[in-house]
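> Encoded as structure tokens, here's the structure I'll be asking about.
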Amino acid sequence: MWGMARRGSQPPPPPDFEENIVDVDVSEEMRGSFLEYAYSVIYQRALPDARDGLKPVQRRILYSMNEMGLRPDRGHVKCARVVGEVMGKLHPHGDSAIYDAMVRMAQPWAMRMPLVDGHGNFGSLGGDDLPAAMRYTEARLSREAMLMVASIDEDTVDFRPNYDGQETEPEVLPAAFPNLLVNGASGIAVGMATNMAPHNLGEVIAAARHLIDHPDASLDDLMRHVPGPDLPTGGKIVGLEGIRDAYETGRGSFRTRATTTIENVTPRRKGIIVSELPYNVGPERVKAKIKELVNAKKLQGISDLKDLTDRNVGLRLVIEIKNGFNPEAVLADLYRLTPMEETFHINNVALVDGQPRTLGLRDMLQVYVDHRIEVVRRRSMHRRKKRQDRLHLVDGLLVALLNIDEVIQVIRQSDDAAQAKQRLMQIFELSEVQSQYILDTPLRRLTRYDRLELEKEKEQLTKEIAKLTAILESEKKLRGVVSKELGEVAKEYSTPRRTVLLQSSGQTAAAAVPLEVADDPCLVLLSSTGLLARTHDASPLPDSGPRAAHDALASVVPATARGEVGAVTSLGRMVRIDVLDLPTLPPSATPPSLAGGAPVAEYVDLEPDETVVGIAALTETGGGLALGTAQGVVKRVVPEFPANRDEFEVISLKEGDRVVGAVQLLSDSQHLVFITTDAQLLHYAASNVRPQGRAAGGVAGIKLGANARVLWFGAIDPAREARVITVAGSSSALPGTQAGAIKLADFADFPSKGRATGGVRAHRFLKGEDVLLQAWAAPTPLRATAANGKPVMLNLTMGRRDGSGEKLDKPIAAISGPIGEPPPDEPTEE
């Protein structure tokens, strides 16, 4: 009851209170309010002006920064200060909208020519990282932005009141370059949107100058200068049909593609290196999409993804490709499934005379050229007026100087300044402005020297007025001034094109590449410098031709791209190696140079004193694998290797012994060859050595002399012409310091002996020589290399079997000959 009493005790409304309710049609009210809102968004926020290519907020930022003196030769100031100035005087909207526009104008990946010189964190490519708050970042106008506001104080553009009528702002900036085309624009209004692509400054200005000189130029004429957009992030544009549509109608689309290269990211794997991404696409978006597709099993062939981007090298995404997959096919899938290829839709909507219009290339250039002609005309009129006013004052001063005594007397006899001005006007027929200027001029300026200066200034002013008058009275000269100024801008500010234009995408060729590498035949190569590689096919290696680095091959084994080979080490181990893991030599590598190969240590874990002496097939081929050791043991291994083990022994070595050679026998008719350090050579048929299992220790191969060891072991087909090359030196010299003496002999001069015998002498030592340093027996041509793999040219004459050698100019680290002799001819059926 108490509560009811309180509610009932409220005082009644005043007796003179009258309700005024107006009935309004909701549909009409909504229509009117929505149209008012739509107009505001279109004209005041979202769409750029076709003359300067700026939205109102961008124009207000540049104008305010220019008024604040934030020029390129001044220091940076806090962005919060600029935002506050713009918001308080010109842009009555939220500070976030102003700062976002300011940030975009400072991002080199968003603007082809940034208009704000930012200092601090202004975000990252694609918007992956947000910019720092405005209280942390600093900014000033860029050099290019000064072109936008140049001559704005010379009555070149109209000004209008700001939102509260206390300030004025320009309706448009003078814009000394075509900003709309150079930097593009994007915005969403009500019922319409704009999306313009950036272009190259030099190309756009060239087209504008062509239009100035040829007002009836066609679109094809202009496109000779502007072939397509030039995006800030570079990349590639594939397919140019949509670009012409956009230039003709204002609407079109084109595909942008990342710039990539295929490189060896590790000695064992290839990778796709992404150095440029499509416009407005950031690396985080690409990485996220790739990981999503890989996890969903929709993208195959990718083993790892690394982002090595930094401020020194720029963008660098490394996409590692699994062995067995073609990088070209994986790249085609990346273009098809990820943002590495995007479609850019052009919708050239801008304000022309306050109305939104869809513009083609010629329309945009024409609007800009007309605007620039008007700016130069108004600037010329302003400058002529200023010079005419100054000339008027100079004429008055010259009259005063010619009659200086009378002028001083008139001034002295006058009661006040007003009377003096009137008398000067009457006596000397001067204007009020001239008279006042004479009265304001100090007496020190009325000297003879100043008179000469004034006469010189009058002459200069007269010439400038005549020049400006000629420009204003001649449309041709006016257009010539505009064209000349544009040419000067292009000369100083233009940069090379970043985006590559491609007529077609090349997708058909890429799609034809199989995703996985085919199991095609190839050759696996081991160089004498310890590099491994494989050829692109099984074509025979050339026997002659120019020398190349690392072309001395210690072993060549036929294989297939998806097969395996075994690396035989000096400790008697065989280690499996996947052929796919080996780098592929380009087809142009003739003769084969393994400079692009990978060190064998990448594939085989070696002991400190262990080396790889040869490569062998893991399947049964010809006569199997033959091994020779330093202590003269020989062994033929049965080609039955365990399939479930990555490494295994192929010979049981005695203590202190090591394998010096491993060769894949093509047939039993080949001869096994030993060359020892004391210059003995022994060879006999491989059939004299019966094959053994992996656990066996081999049999006696050659009888060694005192303190001698096997230097080289290999196999030769006696039916082929072959040579023996030996290099003698001193055992007391340090390795690699003695060149020694070299000798070439005919292999046919060496008689075949029985297994486990001592062989025959292959080199006669001279004074200071007591050991062989290098030896090799093979068909010609023989190759020699230095320790760094560089070729050493041999020009030798044939010597006697047991003769001495010729002096060498420099040490030889390795010798080799043609490896992998062709199999014997099979009988043909008649």
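The values are calculated or read from the model by the stated rules, or taken from the named source; none is laboratory data. Predicted, not measured: the structure shown is a model, and the values here were computed from it. Note: ideal-geometry Cβ built from the backbone for every residue, glycine included; neighbour counts use all protein chains shown.
> If E19 passes every condition in (1) over 20 Å from A193 (Cβ atoms); (2) at pLDDT below 70 but one, which one does it miss?
All conditions pass for E19, except number (2).
> Can you tell me which of A538, A561 is under 34 Å from the mean Cα position of the chain (by Cα), small (G, A, S) and in the same structural domain as W776 (by TED's automatic domain parsing)? Can you show your working first?
On the way: A538 fails: under 34 Å from the mean Cα position of the chain (by Cα).
Among A538, A561, only A561 is under 34 Å from the mean Cα position of the chain (by Cα), small (G, A, S) and in the same structural domain as W776 (by TED's automatic domain parsing).
> Quick check on my filter: what residues within region 67-82 are within 35 Å of the chain's Cα centre (by Cα) and of a type outside the set (G, A, S)? If you could, list the steps in order and put the result at the bottom.
Start the filter on region 67-82 by keeping residues that are within 35 Å of the chain's Cα centre (by Cα), which leaves 70-80, 82.
Hits for region 67-82 are L70, R71, P72, D73, R74, H76, V77, K78, C79, V82.
> Still on this structure, I have one more. Going by what's in this entry, would V330 be described as buried (at least 18 other Cβ atoms within 10 Å of the Cβ) and modelled with pLDDT of 95 or more? Give the steps one after another, and end with the answer.
Details: buried (at least 18 other Cβ atoms within 10 Å of the Cβ): yes; modelled with pLDDT of 95 or more: no.
No.
> Scan region 772-795 for residues that are exposed (fewer than 15 other Cβ atoms within 10 Å of the Cβ) and at pLDDT 80 or above and report the count.
2
> Of the residues K291, K297, K306, only one is more than 18 Å from G234 (Cβ to Cβ) and either in a loop (DSSP other than H, G, I, E, B) or among the aromatic types (F, W, Y) (or both); which? First the steps, then the outcome.
Values: K291 fails: either in a loop (DSSP other than H, G, I, E, B) or among the aromatic types (F, W, Y) (or both); K306 fails: either in a loop (DSSP other than H, G, I, E, B) or among the aromatic types (F, W, Y) (or both).
On inspection, the qualifying residue turns out to be K297.
> Still on this structure, please answer the following. I need a count of the residues in region 79-95 that are of a type in the set (D, E, K, R) and farther than 15 Å from T168 by Cβ.
Here is the first cut: in region 79-95, the residues of a type in the set (D, E, K, R) are 81, 85, 89, 95.
Now restrict to residues that are farther than 15 Å from T168 by Cβ: 81, 95.
Matching residues across region 79-95 total 2.
> Let me ask another. Only residues that are within 14 Å of R59 (Cβ to Cβ) and surrounded by fewer than 16 Cβ atoms within 10 Å (Cβ to Cβ): list them for region 140-160, please.
Across region 140-160, the qualifying residues are D158, F159, R160.
> Which of the residues spanning region 260-311 are buried (at least 16 other Cβ atoms within 10 Å of the Cβ), farther than 29 Å from L582 by Cα and out of contact with any Leu (no Cβ under 7 Å at 6 or more places or on another chain)?
P278, N280, V281, R285, K289
> Looking at (1) of a type outside the set (S, T, Y); (2) assigned to a helix (DSSP H, G or I); (3) without any contact (Cβ under 8 Å) to a residue 40 or more places away in the chain, which is the one condition that is false for A332?
That leaves (3) as the condition not met.
> Is it true that L62 is hydrophobic (A, V, I, L, M, F, W, C) and over 19 Å from G184 (Cβ atoms)? If you could, list the steps in order and put the result at the bottom.
On the way: hydrophobic (A, V, I, L, M, F, W, C): yes; over 19 Å from G184 (Cβ atoms): no.
So L62 fails the test.
One line per residue, one yes/no per condition, for (1) of a type in the set (A, V, I, L, M); (2) assigned to a helix (DSSP H, G or I):
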site	(1), (2)
V190	yes, no
V204	yes, yes
P229	no, no
G234	no, no
F254	no, no
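> Within region 449-460, which residues are under 60 Å from the mean Cα position of the chain (by Cα) and under 12 Å from L398 (Cβ atoms)? Let's see the steps before the verdict.
To start, the set of residues in region 449-460 that are under 60 Å from the mean Cα position of the chain (by Cα) comprises 453-454, 456-460.
If the condition is that a residue be under 60 Å from the mean Cα position of the chain (by Cα) and under 12 Å from L398 (Cβ atoms), then E453, L454, K456, E457, K458, E459 are the ones that fit.
> May I pose another question? If you go through region 124-139 one residue at a time, do you hit one that is under 29 Å from I373 (Cα atoms) and either surrounded by fewer than 15 Cβ atoms within 10 Å (Cβ to Cβ) or assigned by TED's automatic domain parsing to the domain that holds S64 (or both)?
Step one: filter region 124-139 for residues under 29 Å from I373 (Cα atoms), giving none.
No: region 124-139 contains no residue that is under 29 Å from I373 (Cα atoms) and either surrounded by fewer than 15 Cβ atoms within 10 Å (Cβ to Cβ) or assigned by TED's automatic domain parsing to the domain that holds S64 (or both).
> Next question, about the same structure. Does L359 qualify as being touching a strand residue (DSSP E or B) at 6+ places or on another chain (Cβ under 7 Å), more than 30 Å from A466 (Cβ to Cβ) and in contact (Cβ under 8 Å) with a residue 24 or more places away in the chain? Before you say what the answer is, go through the steps one by one.
Values: touching a strand residue (DSSP E or B) at 6+ places or on another chain (Cβ under 7 Å): yes; more than 30 Å from A466 (Cβ to Cβ): yes; in contact (Cβ under 8 Å) with a residue 24 or more places away in the chain: yes.
Yes, satisfied.
> Of all residues in region 590-637 being over 26 Å from R783 (Cβ atoms) and among the polar types (S, T, N, Q), which is modelled with the highest pLDDT?
Ranking the qualifying residues of region 590-637, first place goes to Q631.
> Of all the helices (runs of 4 or more DSSP H) wholly in region 345-448, which have at least 3 residues that are within 60 Å of the chain's Cα centre (by Cα) and at negative phi?
Working: elements: 361-402, 404-413, 417-428, 432-440.
Because the criterion is at least 3 residues that are within 60 Å of the chain's Cα centre (by Cα) and at negative phi, the helices (runs of 4 or more DSSP H) in region 345-448 that meet it are 361-402.
> For residues that are under 16 Å from L796 (Cβ atoms) and of a type in the set (D, E), scanning just region 715-754, find the one that is modelled with the lowest pLDDT.
Filtering region 715-754 down to residues under 16 Å from L796 (Cβ atoms) leaves 721-728, 739-747, 749.
Then keep just the ones that are of a type in the set (D, E); that gives 721, 746, 749.
On the way: E721: 86, D746: 90, D749: 91.
So, considering only residues that are under 16 Å from L796 (Cβ atoms) and of a type in the set (D, E), the one modelled with the lowest pLDDT is E721.
> Another one. Of all strands (runs of 3 or more DSSP E) completely enclosed by region 729-800, which ones contain at least 1 residues that are aromatic (F, W, Y)? Don't jump to the end; show me each part of the working.
Values: elements: 741-746, 771-778, 783-785.
Those strands (runs of 3 or more DSSP E) span 771-778.
> Could you check, for region 646-665, whether at least one of its residues is more than 56 Å from the chain's Cα centre (by Cα), surrounded by fewer than 21 Cβ atoms within 10 Å (Cβ to Cβ) and without any contact (Cβ under 8 Å) to a residue 60 or more places away in the chain? Please lay out each step first, then the result.
Going residue by residue through region 646-665, those that are more than 56 Å from the chain's Cα centre (by Cα) are 654-655.
Filter once more, so that each one left must be surrounded by fewer than 21 Cβ atoms within 10 Å (Cβ to Cβ): 654-655.
So of that shortlist, the ones also without any contact (Cβ under 8 Å) to a residue 60 or more places away in the chain come out as 654-655.
So far as region 646-665 goes, yes, one or more of its residues are more than 56 Å from the chain's Cα centre (by Cα), surrounded by fewer than 21 Cβ atoms within 10 Å (Cβ to Cβ) and without any contact (Cβ under 8 Å) to a residue 60 or more places away in the chain.
Yes/no per residue for (1) within 16 Å of V318 (Cβ to Cβ); (2) under 26 Å from the mean Cα position of the chain (by Cα):
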site: P227; (1), (2): no, yes
site: D230; (1), (2): no, yes
site: R244; (1), (2): no, no
site: T266; (1), (2): yes, yes
site: L305; (1), (2): yes, yes
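> Please return the ranges of strands (runs of 3 or more DSSP E) entirely within region 614-692 where 2 or more residues are under 25 Å from A719 (Cα atoms) and of a type in the set (K, R).
Details: elements: 624-629, 633-637, 647-649, 659-665, 671-676, 680-685.
Per the criteria, 633-637.
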